[in-house]
Ligand code: HEM
């Protein structure tokens, strides 16, 4: 029936179009609405089907590794609305396009037949318009003091810049197969620089495969450096998949067919694959990343120049510990303990870890973490739900879960300490101040302790040295190439085994080491197998894997990713390259050029860049030309820069990204006014070792947890590691919590945190009585009241100076019965500073 109406209306509009081909006459609003309703039903049904099917698979315990990845990458909350709106819009325009095409028998863009007003209506009803309109920053409280959960209004000129659920930034234009939305290599025989691209699984088998026996460990850095990288990534990037299991256009289930049909982009298995059967019906299912509203086939863009498909980052671009606090308002509230006034994060109310807090459980119905029975083969084993964190990947592996747990505890420890210092602070202030301190710790750890080991000395000094100050014109958004390629460098630094160590840093039979492939989505191991302490000791007490050219990706992630039983396990190397093609990321040489590096054009030049003839030969047997190499593959194949753990290309891309994140963040901890000088000084002493000491039962740690224990970096007792002094956060009761804002202090002087000692004050009054009479006492008292309530003074000298000045002005007023002239202006200015 719907179709009949559509066709009838189309007939009318075709007649109109024929009699007067003016575009502005268009297809007509009712026709558009019909197609929108149909698209909406299509999308809603597909989402519902996928949700029900996923739930049923989880309940029947038949989830495949591809299901696990798909479920992990499901958009939730506001991200889901963003993805749904994009799907509504894209499907409406697809239906319009298909039907116009059917009737006209030639290709026409639906957008050519829709007047602009209709497209605007579609943009509104699909929800797309709301995703690009700028929110008002005026109504948001404490904007200079605290971050919003979504980071809207970090940049006051462009409020959505760096906010969650906005598109990734392109540093180089996308290179889609059809120039708009089809992934690179969608058309298998398409040639790039005269050559067909190799299958990603073939590249993985021939270049990335390694044997655990040949594994080389890092001689300098510990495994916590790797996991801390993943921790940072989960603060910065999350690219959601479309929630639909099946193709919108033909209803095909992505995991039941090897056909390429949006959103299915399966990985084809090459002949002779050592693990997987090859052939037309054998593939690893891959779901495409969801598109941004109005990009790709939506054929309608909101004012930007190109209309190529873009991908969504559901996280904020800022280093704001979104993985602890959430990047959307609702999740942020769900993570808080709102039943007490202590500003705490919610903790698990069923289990503890040797008396210490654990993360709360996720309320999701589908329990992806019920893996215990399958892994232990014990059908009576008790299962537990997944943990809930600020980022959905909290359960991805138990080492990562331990970091989440430790930082959750640190927040609560800080909130409790702040409450002791300022008992009158309300829950909101305690939460926000603890969150702010945590965010600063993280920034200190990343720039001072982590990045130098990754990007090396040169990039550190050229791009990430001294803080240059906030620049609102710097775009902090995460680049697509950063999340899809460069920052995945550390997949090569993952150890195949998660070590668990006892108090003597020894392996212990009671909680043995866990092979990584048995540590995915296993919160039960944290709960029932000795908590986080053995895992944290394992991370700081053991080396990272060294990502060498001969030994790249361990089998735990290349052959057994998310495998719990005999299902088709995923291959992280293939996924990284397939994702790069899905996002149409330009290839190796384009990025070398972008970074001002040489662009090898043949085997000899590639061998020189890689400092390895054998590897260059093997790469070119697959790709035929260096220009075609997938950028992730090329990047991880490069030898390390001096002092770093990535090659020159990734060093450049990673350093660029962190430079932008720091300089484009209005609330960066070093930016003027974010913290007081005393607070900043205290924060500079923050230390990851101390966080471990304060939030676990561990009593000895390496001074620098990122470096291997040796003579210079010995295991030291926690008592010898200084704690960040919180006294600079102490406030005087009468000032109230609202006055902690450091922004004003920068402009108006620092808040006075001392009172005039009683004997000094009495002597002062006595002198006044002797020399100036009783009016002077009144003046002095008034001056004291004014100073305490209005002024910000930073030193005792300034206090005395201000005191004498006001007293003098007041005496003058009392004696002469005239109004002082300077004082009101002075007070007025100070009041502006205060409020
Ligand atoms: C046990 C360790 C790890 C596992 C199992 C793991 C697994 C994964 C998986 C399955 C994906 C999604 C692949 C896709 O379909 O595109 C992914 C994405 C990613 N990984 Fe890892 N990873 C690990 C460690 C790391 C580390 C150490 C880093 C960086 C230092 C990292 C950085 C990334 C990044 C940047 C993404 C893209 C995230 C997004 O935008 O959605 N991962 N990882």
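Of note:
- Close pairs (7 angstrom Cβ cut-off, 6 or more residues apart or separate chains): touching a residue at least 40 places away in the same chain (Cβ under 8 Å) and within 21 Å of residue 589 (Cβ to Cβ) in region 481-498, near the ligand (Cβ under 7 Å from one of its atoms) and in a helix (DSSP H, G or I) anywhere: 484/579; 487/233; 488/576
- Only a single criterion out of (1) over 30 Å from residue 357 (Cβ atoms); (2) touching a residue at least 60 places away in the same chain (Cβ under 8 Å); (3) more than 16 Å from the ligand (Cβ to nearest atom); (4) touching a helix residue (DSSP H, G or I) at 6+ places or on another chain (Cβ under 7 Å) is not satisfied by residue 554, namely (3).
- Residue 414 meets each of the listed conditions (1) within 16 Å of the ligand (Cβ to nearest atom); (2) assigned by TED's automatic domain parsing to the domain that holds residue 512 apart from (1).
- Residues satisfying the stated conditions in region 610-623, i.e. touching a helix residue (DSSP H, G or I) at 6+ places or on another chain (Cβ under 8 Å) and over 24 Å from residue 571 (Cβ atoms): 613
- Residue count, region 624-665 (criterion: touching a helix residue (DSSP H, G or I) at 6+ places or on another chain (Cβ under 8 Å) and part of a helix (DSSP H, G or I)): 23
- All of 255, 218, 235 fail the test of being away from the ligand (no atom under 11 Å from the Cβ) and outside any loop (DSSP other than H, G, I, E, B), apart from 218.
- Considered as a group, the residues in region 183-209 that are part of a loop (DSSP other than H, G, I, E, B) and surrounded by fewer than 21 Cβ atoms within 10 Å (Cβ to Cβ) include one that is farthest from the chain's Cα centre (by Cα), and that residue is 194.
- In region 457-486, residue surrounded by the fewest Cβ atoms within 10 Å (Cβ to Cβ) [restricted to those that are in a loop (DSSP other than H, G, I, E, B) and near the ligand (Cβ under 9 Å from one of its atoms)]: 478
- Flag if residue 46 is at pLDDT 85 or above, assigned by TED's automatic domain parsing to the domain that holds residue 115, closer than 22 Å to residue 122 by Cβ and touching a strand residue (DSSP E or B) at 6+ places or on another chain (Cβ under 8 Å): yes
- Unmet criterion (only one of (1) in contact with a helix residue (DSSP H, G or I) (Cβ under 7 Å, 6 or more places away or on another chain); (2) within 16 Å of the ligand (Cβ to nearest atom); (3) at pLDDT 95 or above) for residue 517: (3)
- Only one of the listed residues (291, 280, 240, 274) is surrounded by fewer than 17 Cβ atoms within 10 Å (Cβ to Cβ) and either in contact with a helix residue (DSSP H, G or I) (Cβ under 7 Å, 6 or more places away or on another chain) or in the same structural domain as residue 539 (by TED's automatic domain parsing) (or both). That residue is 274.
- Set 562, 489: member being under 24 Å from the mean Cα position of the chain (by Cα), within 12 Å of the ligand (Cβ to nearest atom), at pLDDT below 95 and crowded, with 22+ Cβ neighbours inside 10 Å: 562
- Check on residue 600, away from the ligand (no atom under 16 Å from the Cβ), closer than 22 Å to residue 656 by Cα and either in a loop (DSSP other than H, G, I, E, B) or out of contact with any helix residue (DSSP H, G or I) (no Cβ under 6 Å at 6 or more places or on another chain) (or both): no
- Count of residues meeting criterion [out of contact with any strand residue (DSSP E or B) (no Cβ under 7 Å at 6 or more places or on another chain) and crowded, with 18+ Cβ neighbours inside 10 Å] in region 210-237: 11
The values are calculated or read from the model by the stated rules, or taken from the named source; none is laboratory data. Source: prediction; values computed, not measured. So basically every Cβ, Gly included, is an ideal-geometry build from the backbone, and we count neighbours across all protein chains shown.
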